[in-house]
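Okay, so here's the structure we're looking at.
The values are calculated or read from the model by the stated rules, or taken from the named source; none is laboratory data. Model, not experiment: these values are computed from the prediction. Cβ: placed from backbone, ideal geometry, glycine included. Neighbour counts: every protein chain shown. Accessible surface is based on the protein model in full, side chains and every heavy atom, while ligands, DNA and RNA are left aside. Shrake-Rupley method; radii C 1.70, N 1.55, O 1.52, S 1.80 Å.
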Amino acid sequence: MTTLLQAPDRADRAAAPQTPAAGHVQVRGLGHTYDAAGRVTRALDGIELDIAPGRFVVIVGTSGCGKSSLLMMMTGLVSPSEGSITCGGMPMMAPDPDRVGVVFQEASLYPWLTAQQNVEFPLSLRKLPKAERAARARERLALVGLQGFEDRYPHELSGGMKQRVSIARGLVQDPPVLMLDEPFAALDEQTRITMGDELLRIWERTGKTVIFVTHSLTEAAYLADEIIVMSARPGRIVDRIEVDLPRPRTYAMMSTPRFAALRERIWGHIRNQAGE
Amino acid sequence: MAPQARFRLEPATVRRLLGLAVLLLWEVLPRAGLIPALFLPPLTETLGALVHHAGEYAHHLLFSLYAIGIAMGVACGIGIGAGLLVGSVAPLRQSVQPVASGLYAVPLVILYPLFTAWFGIGPQSKIVFASLYGLLPCFLGTMAGVQTIDRHYITVARSLRASRLQLLTRVLLPAAIPTVLSAFRIGGALVIVGIVVAEMLTSTEGIGYLITRNRTLLNSPRVFAGILLVVALVIGFDALVRLLERRTRHWRFSTRSADAVA
Amino acid sequence: MSAAPPIPSHAGRRARGLLPWALVLAVLCVAWQGALVTGLMAPELLPPLGEVVTTAVELLTRPSVMAHAGTTLAEVAVAFVIAVPLGLLLGIAIAESRYWSAVLKPVIFLVFSIPKTIFLPMFILAFGINFAQKVGFGVFSTIFIVLISAFSALDSVKAEHLRVARIYGATPRQVAWRVYLPSMAPVLLEAVRLAMMFNLTGILLAEMYAARSGLGQLVSNWGENFMLRELLAGILIISTAAILFNEAVRWLETRCEHWRA
């Protein structure tokens, strides 16, 4: 099935720059109900998203609001009970690394592979020639600032560096969309901010559509073009906030009244749920 | 998957049914002549042998229990004591642990003939053998247990200016107890069987001796009865220590969910 | 971030690993000879170490001893070749089914907690005293530890790692070879090591209890006839072989695990 749905092959894409529509993600009428030990739970309800190519969208909400489940559905790993998801105009029925790269929380790197081999992993599954694999992985590692660390094993890297490797792996097949599931949740505050800046830099250089899930208000306001705020049980979209802070974003912006107002608006929604 | 699961029996029920089936087959198969009664005497006959010769079994069991008691004291006393000591001194532990677990590979049964040569075929050789048999698991388990103690407990105790003795008795020991108990459980079972096996090899008294004598007489029901008795002893011991383990686990996790996991 | 600092070497650690073993050997030698010099042990009960070592070397070239060793090795090998794959397959099959895990795991853990040596007389009654009985008992002694190792091997496969493979479109075969196998490798090697320990103990005991040949029978005979020089030499040989095998597999384990360091 995936072969039918695959985006134009690499040679085409190398010749012509990505068509803007490739990075267009749409979610229509998505809802999800699951049945665990006889208890039926409505996890997601009435989700509508229309994400234009090249946008940086952050989905934020409390734990248990279904934001990670929603992302897993957008990657094609999990299928929703109702509604449709398209990426580049074609439905996401199964994972498709040519269209969507995914970055998970820490510990998703294979501990028995070096940084280079981890980045090569998606390519090696497709039996690409060794030389091309290595060249592409090296290039991606350089993009995320890890030149010289190719032969390190994950345990020899810091938390931030591991996530750089994950991002490089997500980008190695040059997909138009990158989805990240709380990628910096396990990092300390300083590393988080640095990694946020890194991600913004990579995003600006590659022009990918980025969909980023987090529970951190600051991270959401700092990174996003648009913030999607979700409520819990069932997971619904309660607000869409257009972030009008200028780019490039700087650390100093965090102390401006505009930034505070943004955080206040998100917090308002989240506090309301906690009160219920 | 989900709707199908609803029609299935509870795992515990299936387990009971399986147990029942085993007991039933134990009775039916030899009675029907599908398995010669020499290989597998019917359950009722085995239990009958136990009841008929209750006095004899009790006598030999007591004899074995005496040896088991001493050996358990030695194995677990030395094993746990040394484990606590070595486990709490990091440099010592790092050099002892690999060697101790390496020595664990030695099949200790081959030492038994040496012990009979040295100590005769009385209880002494069995006690020495079974003590050694249970010692290493106790030692290794305790050492590993001490190692897993949360460093924060020690830091907190230090910040409260606890003395070394207080640190040992009030922090290290209580924190290590669940793992020490599971080491004791494994070591203790080995001690019990160590004594019985040693008796099976050479002796003139004890439950193991009884099993071997009946085996040479090809009296299957009485062999099985003896084995059943020892298995019951091991399971009883295991259950008892497990109970203690469960009790003490609350100290560590303070929630009941730890039980659900175990 | 630009310049990568050098990776620390592991050579020093290996040298430090041998030191404790040397110490144990030294203590053994001193205690052995000390017991003789102080008269704690009579030379009839504890022949001098040198004599025992010479005997050990001589035993290794004695054809009759080698024939016994051959019997034992054959029994050990056959039992091992049956028990390990069988246990792994069964264990994986059980662990992969949530339902059968719930039913059978408690039973397997219960049986595992009973030392298997106690069941030896049953095997003699059922099989008689022969090769099949030894192998059968070896398999029985070994299979439960293999089952339990298989459970923990599957537990060591992380959901995250499987998810990554699926995201990048790995086929089931690729998942098996490139995620399951490397994840499980250290635990599987440990299983091999533990299986060999249980197996060897089981078979030696079976030979000591009732047999016409095999190292266990030989050792037991030497004991009964007070041939302590041969007995101690035999113990020395068997222990050394067991330790060497164990350490060899452990070395492989650490090689496999170098990424964890």
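Among the conditions (1) open to solvent by less than 10 Å² (accessible area, probe 1.4 Å); (2) without any contact (Cβ under 8 Å) to a residue 24 or more places away in the chain, B:Thr212 misses just one, which is (1).
For first residues located in the range C:218-238 and more than 8 Å from chain B (Cβ to nearest Cβ), partners that are open to solvent by less than 20 Å² (accessible area, probe 1.4 Å) and in a loop (DSSP other than H, G, I, E, B) and lie 6+ apart or on another chain with Cβ distances below 6 Å form the pairs C:Arg229/C:Pro47.
Here B:Val106 meets each of (1) part of a helix (DSSP H, G or I); (2) at pLDDT 90 or above; (3) within 13 Å of chain C (Cβ to nearest Cβ) with one exception, condition (1). Restricted to the range C:113-190, the set of helices (runs of 4 or more DSSP H) holding at least 2 residues that are crowded, with 20+ Cβ neighbours inside 10 Å comprises C:120-127, C:131-155, C:159-167. If you check A:Leu30, A:Leu5 for being modelled with pLDDT under 80, among the aliphatic types (A, V, I, L, M) and surrounded by 13 or more Cβ atoms within 10 Å (Cβ to Cβ), only one passes: A:Leu5. In the range C:44-61, the qualifying residues are those that are surrounded by fewer than 13 Cβ atoms within 10 Å (Cβ to Cβ) and not aliphatic (A, V, I, L, M), and the one that is nearest to the chain's Cα centre (by Cα) is C:Thr61. Examine the range B:85-106 for a residue that is in contact with a Phe, Trp or Tyr (Cβ under 7 Å, 6 or more places away or on another chain), surrounded by 21 or more Cβ atoms within 10 Å (Cβ to Cβ) and touching a residue at least 60 places away in the same chain (Cβ under 8 Å), and state whether such a residue exists. No.
Where helices (runs of 4 or more DSSP H) fall wholly inside the range A:104-213, the ranges with 2 or more residues that are at the interface with chain C (Cβ under 9 Å from one of its Cβ atoms) are A:115-124, A:159-171. The sole residue among A:Arg133, A:Arg164 that is under 21 Å from A:Arg205 (Cβ atoms) and either buried (at least 24 other Cβ atoms within 10 Å of the Cβ) or not assigned by TED's automatic domain parsing to the domain that holds A:Gln26 (or both) is A:Arg164. Residues in the range C:191-217 that are open to solvent by 10 Å² or more (accessible area, probe 1.4 Å), more than 7 Å from chain B (Cβ to nearest Cβ) and not hydrophobic (A, V, I, L, M, F, W, C): C:Arg193, C:Arg212, C:Ser213, C:Gln217.
Looking only at residues of the range B:109-160 that are at pLDDT below 80 and basic (Lys, Arg), we find that the one that is farthest from B:Gly188 (Cα to Cα) is B:Arg158. Quick check: is even one residue across the range C:151-171 of a type in the set (Gly, Ala, Ser), on the phi > 0 side of the Ramachandran plot and within 11 Å of another protein chain (Cβ to nearest Cβ)? Yes, the conditions are met somewhere in the range C:151-171. Filtered by the rule that a residue be more than 12 Å from B:Lys126 (Cβ to Cβ) and open to solvent by 30 Å² or more (accessible area, probe 1.4 Å), the range B:54-64 gives B:Ala54, B:Gly55, B:Glu56, B:Ala58, B:His59, B:Leu61, B:Leu62. Restricting the first member to the range B:16-36 and to residues that are open to solvent by 80 Å² or more (accessible area, probe 1.4 Å), and the second to residues that are in a loop (DSSP other than H, G, I, E, B), the beta-carbon pairs closer than 6 Å and six or more apart or on different chains are B:Arg31/B:Pro42. Considering the range C:239-256, and only residues there that are in contact (Cβ under 8 Å) with a residue 24 or more places away in the chain and away from every other protein chain (no Cβ under 11 Å), the residue that is surrounded by the most Cβ atoms within 10 Å (Cβ to Cβ) turns out to be C:Glu253.
The number of residues in the range A:69-85 that are more than 14 Å from chain C (Cβ to nearest Cβ) and open to solvent by less than 30 Å² (accessible area, probe 1.4 Å) comes to 2. When the range A:86-111 is filtered for residues that are over 16 Å from A:Ser166 (Cβ atoms) and surrounded by 22 or more Cβ atoms within 10 Å (Cβ to Cβ), the ones remaining, listed by number, are A:Cys87, A:Gly88, A:Met92, A:Asp96, A:Asp98, A:Arg99.
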